[in-house]
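First comes the structure, then the notes that go with it.
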Amino acid sequence: MKTSSKTIRGTELFYAESGEGPVILYIHGNTASHIWWEEVMNVPGYRTIAPDMPNFGQSGRIDSHKPADYASYLFDLMDSLGVEQALVVGHSLGGAVAMDLAVKHPAFVNGLFLLDSCPIDGLKTPKIFHPIIKKYLEDRELFSKAMKAIMGTRGSDEALVRRFVDEGYKMNPESFVGHAVSLGNVDYHKEAKAYNGPMRFICGSEDPLIKEKHAKKSAKRFGGDYRMIDGIGHCLCIEDPARFIAELTEFAGA
């Protein structure tokens, strides 16, 4: 795996990549970065690219916290790398970014693979929880507890939890609440028909955030399908990397 960066519209975007062949674009979730994909970067026969979106990781910051704006930056990054098409994988918040790419640039997306994604009609966080989200910024123990819940079966890996928490604190502090607000405004019901390529929604049976109803509703609107993975929480790619690669390559070859 190698890393590099490109300046897109005045903002530096960091990315990791590995391999050669058709491109798989990995889009990480909230408080995350490219490091969440490290164990699945080696996909035989494919070139994987995992950017840190604006406001995350080692990339620069922007004023917006909207998935649509993140998608715009990633599309321009791919263009700068000469990538004309990609199988787009979006995890959690990154799923909303992936959906935006699919409906606005359908020729670019030759497959839409949503992993415990923000649902097609958004993920609402009541304002009453915003003070708790803000508290993550000053209470590492509280943030670590939330991170463990998101990490599912890998939540017992204390070293990995510490690493992911450290990475989470690299995110634009304003994005902690900013993402909660922006994800509540996501809605691709009307736009979904613009994309008619293959689509699959993968959801862990033990996911504390995304449920089968979300996967089913999102897949139906995009004309795709969904799969529930038993015993897995919110992130198959870190909980069972081999299973993730198997699911992804099966989808890619279908």
(Q) Suppose we keep only residues that are over 21 Å from Gly60 (Cα atoms) and of a type in the set (S, T, N, Q) within region 142-180. Which one would you say is least open to solvent (accessible area, probe 1.4 Å)? (A) Ser144
(Q) Cβ-Cβ under 8 Å, sequence separation 6+ or interchain: first residue in region 114-131 and within 19 Å of Ile150 (Cβ to Cβ) and in a loop (DSSP other than H, G, I, E, B), partner open to solvent by less than 80 Å² (accessible area, probe 1.4 Å) and charged (D, E, K, R). Which pairs? (A) Asp116/Asp207; Pro119/Lys217
Q: Report, by residue number, each residue of region 234-254 that is in a loop (DSSP other than H, G, I, E, B) and open to solvent by 20 Å² or more (accessible area, probe 1.4 Å).
A: Asp240, Ala254
Q.
If I ask for residues that are open to solvent by 70 Å² or more (accessible area, probe 1.4 Å) and within 17 Å of Gly90 (Cβ to Cβ), which ones from region 202-222 would you list?
A. Leu209, Lys217, Arg221
Q. Only one of Gly29, Gly19 is in contact with a Pro (Cβ under 9 Å, 6 or more places away or on another chain), at pLDDT 95 or above and of a type outside the set (Ser, Thr, Tyr); which?
A. Gly19
Q | Flag if Gly231 is closer than 21 Å to Phe113 by Cβ, surrounded by 13 or more Cβ atoms within 10 Å (Cβ to Cβ) and not basic (Lys, Arg) | A | no
(Q) Consider region 181-191. How many of its residues are crowded, with 21+ Cβ neighbours inside 10 Å and among the aliphatic types (A, V, I, L, M)? (A) 2
Q) So which residues in region 135-153 are within 20 Å of Glu174 (Cβ to Cβ) and of a type outside the set (D, E, K, R), if there are any at all? A) Tyr136, Leu137, Leu142, Phe143, Ala146, Met147
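Conditions (1) part of a helix (DSSP H, G or I); (2) not acidic (Asp, Glu), marked per residue:
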| site | (1), (2) |
| --- | --- |
| Leu137 | no, yes |
| Thr153 | yes, yes |
| Glu167 | yes, no |
| Tyr188 | no, yes |
| Gly197 | no, yes |
| Cys203 | no, yes |
| Glu206 | no, no |
| Arg221 | yes, yes |
Q: Tell me, please, whether a residue that is free of Cβ contacts under 8 Å to residues at least 40 places away in the same chain and hydrophobic (A, V, I, L, M, F, W, C) can be found in region 45-65.
A: yes
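The values are calculated or read from the model by the stated rules, or taken from the named source; none is laboratory data. These numbers come from a predicted model, not from an experiment. With ideal geometry, Cβ positions are generated from the backbone for all residues, glycine too; neighbour counts draw on all protein chains shown. Ligands, DNA and RNA are excluded from the accessible area calculation, which covers all protein heavy atoms including side chains. Shrake-Rupley method; radii C 1.70, N 1.55, O 1.52, S 1.80 Å.
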